[in-house]
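Working notes, structure below.
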Amino acid sequence: MEFTPEQWAGLKVHAEEKGLVFLSSPFSVQAVDLLEKMGVVAWKVASGEITNPILIKRMTATGKPILLSSGMSSIDELDDAVKLVRSSSVPLAVMQCTSSYPTPPKRIGLNLLTEYRDRYACPVGLSDHSGGIYAGLAAVTLGASLLEVHVTMSREMFGPDVIASITTKEMNKLVEGVRFIENALSNPVDKEASVNDFNDVRRIFTKSLYASKELDVGTIIQLDHLDIKKPGNGIPVKDIDNIIGRVVKNHICRGDLIEYNDLS
């Protein structure tokens, strides 16, 4: 199936009406020229084109950002492509991709996200063919700035990509999950400071030291004199060694909360 220039333009208009950025991976210089006339904002270099410097140079000549997909390339080939893009000083991102449809978990290569980010000092992403949303969520947690997935209207549809695609409902869940993770990662928690937010809850769920029996004045506190019970509004359990061996100076009834002013 081949679209006419008018049909390509119609797709772009439709995408923009839906609030989407229109992109397409060109596989020829002629396709780059067509998409450039349409005003695409960035270029996706398919993994099979990583070793095509003519195509990459035509893309970089536009000055627009480049997304390099690593699927079929070796590290050396990817290095060469990155070097070529960098020679034109255009923005770059590298996408981890496994050209397997669908991609099993053991071949997704989430570890490569960090490797690419360190190696190329650029944003990284995941081009995911797993057919689910888990890899994408994991990638975002690991710092991925971009995600690419295949989407199908239904798993009952016919086509070579359906088995490696997610449904529109799953796409909604993926976006929801990504936004959740972004919010969590952008709001680091200070563990010590956050404890103060839970003082009321801590008093309910932590425990204190209570008298397990009636304790007369002069009694030397032993372990069997003590009960450990909620709430935690008295002497904390962690201080039990400081209580054992002390002398009762005020009579304590069974079940009473033990307080320091009852002891000498």
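Calculate the length of the line joining the C-alpha centroid of the stretch 177-231 to that of the stretch 54-112, in whole Å. A separation of 51 Å, based on Cα centres. Cβ-Cβ distance of LYS229 and PHE27, R₀ of 51 Å, FRET efficiency by 1/(1 + (r/R0)^6): the value works out to about 0.10.
Across the stretch 60-176, the relative contact order, built from alpha-carbon pairs under 8 Å that are at least six residues apart, equals 21 percent.
If each residue of separation counts as 0.36 nm, what is the full-extension length gain between SER212 and ASP241 once their alpha-carbon separation is subtracted?
Value of the extension gain: 8.8 nm.
Estimated from the Cβ-Cβ distance and a Förster radius of 35 angstrom, the FRET efficiency linking VAL151 and ASP118 is about 0.70. Given a Förster radius of 45 Å and the C-beta distance between SER99 and ALA184 as r, what FRET efficiency does 1/(1 + (r/R0)^6) yield to the nearest 0.05? Calculated value: 0.90.
Taking every C-alpha pair closer than 8 Å and separated by at least 6 residues, the mean separation divided by the residue count of the chain gives a relative contact order of 9 percent.
Take the Cα radius of gyration of the stretch 200-262 and divide it by 2.2 N^0.38 Å, N being the number of residues; the result is 1.05. By the rule of a C-alpha distance below 28 Å, with chain neighbours fewer than 8 residues away ignored, the lysines paired with LYS229 are LYS191, LYS207, LYS213, LYS238, LYS249.
No value in this document is a laboratory result; all are computed from the given coordinates. All values derive from a computational prediction rather than experimental measurement. Using ideal geometry, Cβ is built from the backbone for each residue, glycine included, and neighbour counts are taken over all protein chains shown.
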